[in-house]
1. Quick check, is residue 240 surrounded by fewer than 23 Cβ atoms within 10 Å (Cβ to Cβ), acidic (Asp, Glu) and either within 16 Å of the ligand (Cβ to nearest atom) or assigned to a loop (DSSP other than H, G, I, E, B) (or both)?
2. Which is within 17 Å of the chain's Cα centre (by Cα), crowded, with 24+ Cβ neighbours inside 10 Å and part of a helix (DSSP H, G or I), of 246, 260?
3. Anything in the stretch 214-250 that is in contact with a helix residue (DSSP H, G or I) (Cβ under 9 Å, 6 or more places away or on another chain), touching a residue at least 24 places away in the same chain (Cβ under 8 Å) and among the small types (Gly, Ala, Ser)? List them, or say none.
4. Within the stretch 181-236, track down each residue that is part of a strand (DSSP E or B), surrounded by 20 or more Cβ atoms within 10 Å (Cβ to Cβ) and within 16 Å of the ligand (Cβ to nearest atom).
5. Please go through the stretch 253-279 and pick out each residue that is touching a helix residue (DSSP H, G or I) at 6+ places or on another chain (Cβ under 7 Å) and touching a residue at least 40 places away in the same chain (Cβ under 8 Å).
6. I want to confirm something. Restricting to the stretch 78-87 and keeping residues that are in contact with a helix residue (DSSP H, G or I) (Cβ under 7 Å, 6 or more places away or on another chain) and part of a strand (DSSP E or B), which single residue is surrounded by the fewest Cβ atoms within 10 Å (Cβ to Cβ)?
7. Looking at 53, 24, 47, can you tell me which residue is touching a Ser or Thr at 6+ places or on another chain (Cβ under 7 Å) and either under 20 Å from residue 402 (Cα atoms) or among the acidic types (Asp, Glu) (or both)?
8. Take the conditions modelled with pLDDT under 95, within 16 Å of the ligand (Cβ to nearest atom) and farther than 30 Å from residue 267 by Cα and apply them to residue 138. Does it pass?
Amino acid sequence: MESVDQQDRIEVRASGPLEGSVPISGAKNSVLKLMAACLLTEGTFVIRNVPDIEDVTAMAEVLRAMGVTVSRSGDALTIERPASITPEAPYALTEQLRASTAVLGPLLAGVGHARVALPGGDDFGPRPIDMHVAALETIGCRIETSGGDVYASADNLVGNLVLLEFPSVGATENVMMAAVRAKGTTVIDNAAREPEIADLAGFLNHMGGQVTGAGTSTIEVEGVDELHPVEHTVVSDRIEAATFLAALAMAGGEITLLGARSDHMAMLCRKLGDMGVRTSSDPDGIWAMCNGRLRSADVSTLPYPGLPTDCKPLLVAMLSVAEGVGIVTENLFSGRFRYVDELVRMGANIRTEGHHAVIRGIDRLSGAPVRASDIRAGAALVVAGLAADGVTVVSDPHHIDRGYEDFVGKLSALGADVRRVRPGG
Ligand code: UD1
């Protein structure tokens, strides 16, 4: 095991006001599914605005293991899917990336069978794929699980009514990617409505698919016989944009999020407005300003267009220094409060009870050594450090690298006092 002083970490000091513009990358949660969708048919795809993050590298490895060629040039990925591929994703790869389950639907539609290792849980609790399985079975797939692997096959995919028990993002995407080649029409009811789903639908339609209603809770997919490769630009990352808004809220200042989509962040911008962060749509993206102490608010996470669960650690960090008491309720993932212990180490006054956290705002946090337990928790701890006296040292920053391109570089360019400390560096 590495000794503590040999590990990579991020050091943050109290900062502000932030100023300037920050480019927002393409959405992690979209590009991973678009990469999976390239398995649908032979040919060369080009995906632009691809963030340079570890999860993209991990998904590229999943595709390469199947015989697909993936190369990067600047922000573009070129994906060459040969006529014949090995439709298997082993545990060594899927355990690195839960989103690798997105290959199931396209492999069923593109090859007719697949073996995909179950990725297991993660730091915010179990994440089953029972809804993916039930939805795929409804359109004619046979699925068995044995030895930790999902074995799926489909001689004929047949359109059907797929009623999701919950608007699961992953299940909606998997069934869309399978149904695009099914015989007849598939109607996905209670579908997830996230902008990344609409991005995937646009990609599939551009390939020759017939998907309507993406972005609403009823999606219709008319199966087609043929698809072709395409070029596509990934939608902007609303969670990365939210992260920089949280940084602004902690440090104060005035910034522009280049390329951010305010129409994809309406509920968050409203909540931030209640807390004292002004935002407005700008021809370049989103303009935002924050001065003075934040005000507390109650927060409840919900599927889109509700407040994203991925923003919750950021909001909890903000509430830690806001005036008043805020109650945060998690409605999607049972255990997603781990970073709370780290914020408490920084002096935050937070009490958790089941799905709820009660946060009594204090004037200032104090810097402390803390550990990133997942992507958003890690980003929230860095953001918290911007309003903490002394030095906050965030260990395990590789979690942040999974989802943020050059997080430290982008924050420093806005004037934040943050740096990456590498062993021996
Ligand atoms: C995606 C996002 C993730 C985000 C989440 C909710 C990616 C790569 N990840 O995850 O960042 O936090 O949407 O917006 O896009 N569930 C089941 N059975 C299933 C599927 C889901 O019980 O078969 C449960 C999950 O455990 C969770 C809830 O449904 O409690 C929501 O999950 P889902 O919407 O599927 O999230 P993901 O697609 O995994």
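1. no
2. 246
3. 214, 223, 236, 241, 242, 246, 247, 249, listed by residue number.
4. 188, 214, 219, 236
5. Listed by number, the residues that qualify are 255, 257, 260, 261, 264, 268, 275.
6. Among them, the one singled out is 79.
7. Among 53, 24, 47, only 24 is touching a Ser or Thr at 6+ places or on another chain (Cβ under 7 Å) and either under 20 Å from residue 402 (Cα atoms) or among the acidic types (Asp, Glu) (or both).
8. No; evaluated as a whole, the condition is false for this residue.
The values are calculated or read from the model by the stated rules, or taken from the named source; none is laboratory data. Keep in mind the model is a prediction, meaning the values are calculated, not measured. Reconstructed Cβ throughout: ideal geometry from the backbone, glycine too, with neighbour counts over all protein chains shown.
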